[in-house]
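This report concerns only the one structure given below.
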Amino acid sequence: MPRSRKQALREYKSRAPTRGAFAVRSLSTGRLWVGASPNLDAARNRIWFMLRSGSHRDRALQAEWNSYGEATFLFEVLETFDPDVPPIALSDLLKDRKSHWAKRLDASTLL
């Protein structure tokens, strides 16, 4: 029996977001920016929206985006976190993993 549109929407909204660390990579220069988020899909959408509108806070990232264009950038998931991580520990885990990946990849960090 096919699902109704309302049921599909309810299921979509009730799913847990993927949490983890990510990188934004410039294919033109090889430069990396690292971040971590409780919702990786939302993080990518937010970053791309800000870059497209010319309002990203990281001036170096925005300048490269403006120079080379959207097609030369990738959003890469570096690591996902266990969905059972308690909310009280999530903030520290996000900070720790962002720092870890920035050091490991010799990358800038995103705010």
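No lab work stands behind these numbers, since they all come straight from the coordinates. Note that the coordinates shown come from a computational prediction; the quantities given were computed from them, not determined experimentally.
Taking the helices alone, the chain has a mean residue ellipticity at 222 nm of -15000 deg cm²/dmol, built from -39,500 (n - 2.57) per DSSP H run of at least 4 residues and averaged over all its residues. Computed from Cα positions, the angle between helix 5-14 and the longest principal axis of the chain comes to roughly 60 degrees.
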